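Visitor: Shown below is the structure under consideration.
FYI, it's all coordinate maths here, none of it is from the lab. The model shown is predicted, which means the values in this text are computed figures rather than measured ones. So basically every Cβ, Gly included, is an ideal-geometry build from the backbone, and we count neighbours across all protein chains shown.
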Amino acid sequence: MLGLKLSTDPRWVDIAEGNIEELLTDHAWCEQKAASNAISIITMHSEYEDIVTKMLDVAQEELAHFQMVHEIIKNRGFTLGRERKDNYVNELFRFLKKDGSRLDALIDRLLFAAMIEARSCERFKVLSENIKDEELANFYRELMISEAGHYTLFLNFARKYGKEKNVEERWKEWLVFEDELIKKYGNKETIHG
C-alpha cells in the first residue's frame, strides 16, 4: 500500500529496545515536527481552504500524539530530552524542488510529507509487530493507522491539485530517492535512524 521500495529490517527493533528512552524522545520530537509541517503548509498555502481545514486537523492530531508520547515518557520515569536532529527528514527536505510555481512547491511539499508519513507508518508497523513491550506494541499499532491516514491525505491532495502536473512521475522519483536514502538508516534507536 505504501509503495516503499525497502522494508525496515525487523532487527532494528532490537536496537530501538536497547534505549527506549531515546526512541521515545526522538518519537516525541518527530510528532512535534509533523505538527509544525502541517502549520507550515497552512502558512505557505492558505488560499486552499480544504487543505487548511485538513492541516489544522493534522496539526492537532500530531500534537495529541506528542502529548501521548510525552505521557509515556513521564509514566516510565524518563525525561523528554532535547530536540533531535532528524538527518533522514533533512535529506528528504533537500530533495524538494526549489524552482517552479507556487503550485509546484505545494505539490512537492505534500509529497515530502506523504513520504515521511509512509516511512513512519512502516516503522510503527515494524515496532508494533516486533517490540516485546506490550504497551508500546499496542501504542505503535494505533499510531500506524493514524500515519497511514496522513500518508493518504497528503498524497491525495497532491494528486488533486497536481492533476495538470505529472504527480505520479514525481512520486516515483520520491520513492526511488527514499529507497537509496533509507539504506543509510536503520541502525539507531530513533524512528527514522
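Visitor: Can you give the angle from 0 to 90° between the axis of helix 49-75 and the longest principal axis of the chain, with both taken from C-alpha atoms, to the nearest 10?
Guide: 10 degrees
Visitor: Helix 134-161 sits at what angle to the longest principal axis of the chain, using alpha carbons and giving 0 to 90 degrees rounded to 10?
Guide: In the chain, helix 134-161 runs at an angle near 10 degrees to the longest axis.
Visitor: Multiply the residue separation of Leu80 and Lys163 by 0.36 nm, subtract the distance between their alpha-carbon atoms, and state the gained length in nm to one decimal.
Guide: 25.6 nm
Visitor: Give me the percent relative contact order of segment 49-141, please, defined on Cα pairs under 8 angstrom at least 6 residues apart. Before the final figure, lay out each step's value.
Guide: Details: 29 pairs, mean separation 11.7, N = 93.
So the answer I get is 13 percent.
Visitor: Scan segment 93-157 for trypsin sites (Lys or Arg not before Pro) in coil per DSSP, keeping those whose Cβ has at most 16 other Cβ atoms within 10 Å, and list them by number.
Guide: When the trypsin sites (Lys or Arg not before Pro) of segment 93-157 are filtered for loop state and at most 16 Cβ neighbours within 10 Å, Lys97, Lys98, Lys132 remain.
Visitor: Further, regarding this structure: Beyond a 21 Å Cα-Cα separation, which of these cross-linked pairs lie in this structure: Lys33/Lys172; Lys85/Lys165; Lys54/Lys163; Lys33/Lys85; Lys85/Lys188?
Guide: Long pairs (Cα-Cα over 21 Å): Lys33/Lys172; Lys85/Lys165.
Visitor: How do Ile39, Ile51 rank when sorted from fewest to most other Cβ atoms within 10 Å of their own Cβ?
Guide: Details: Ile39 16, Ile51 22.
Listing Ile39, Ile51 from fewest to most nearby Cβ atoms yields Ile39, Ile51.
Visitor: Can you sort Ile41, Ile20 by how many other beta carbons sit within 10 Å, fewest first?
Guide: Result, fewest neighbours first: Ile20, Ile41.
Visitor: Same structure again: With a 10 Å Cβ neighbour count serving as the proxy for reagent exposure, in which order, fewest first, do Val89, Val58 appear?
Guide: Val89, Val58
Visitor: Once the Cα atoms of helix 167-182 and of the chain are each reduced to a long axis, what angle between those two axes, in degrees from 0 to 90 to the nearest 10, is obtained?
Guide: Roughly 30 degrees between the two axes.
Visitor: Could you work out [θ]222 nm for the chain from helices alone, using -39500 (n - 2.57) per DSSP H run of at least four and dividing by all its residues? Round to the nearest 500 deg cm²/dmol. List each step's numbers first, then the result.
Guide: Details: 7 runs with 140 residues, N = 193.
After summing the helix terms and dividing by residue count, I get -25000 deg cm²/dmol.
Visitor: Continuing with the same structure: Subtract the Cα-Cα distance of Asn187 and Gln60 from 0.36 nm times their separation in residues, and report this length gain in nm to one decimal.
Guide: On the way: separation 127, 0.36 × 127 = 45.72 nm, distance 3.07 nm.
Result: 42.7 nm gained on full extension.
Visitor: What distance in nm separates the simple spin-label points at Lys98 and Phe177, each placed 7 Å from Cα in the Cβ direction?
Guide: If labels sit at Lys98 and Phe177, their model points lie 1.2 nm apart.
Visitor: Here is a further query. From Cα pairs below 8 angstrom and at least 6 apart in sequence, can you work out the relative contact order of segment 19-182, rounded to a whole percent?
Guide: Relative contact order for segment 19-182 comes out at 21 percent.
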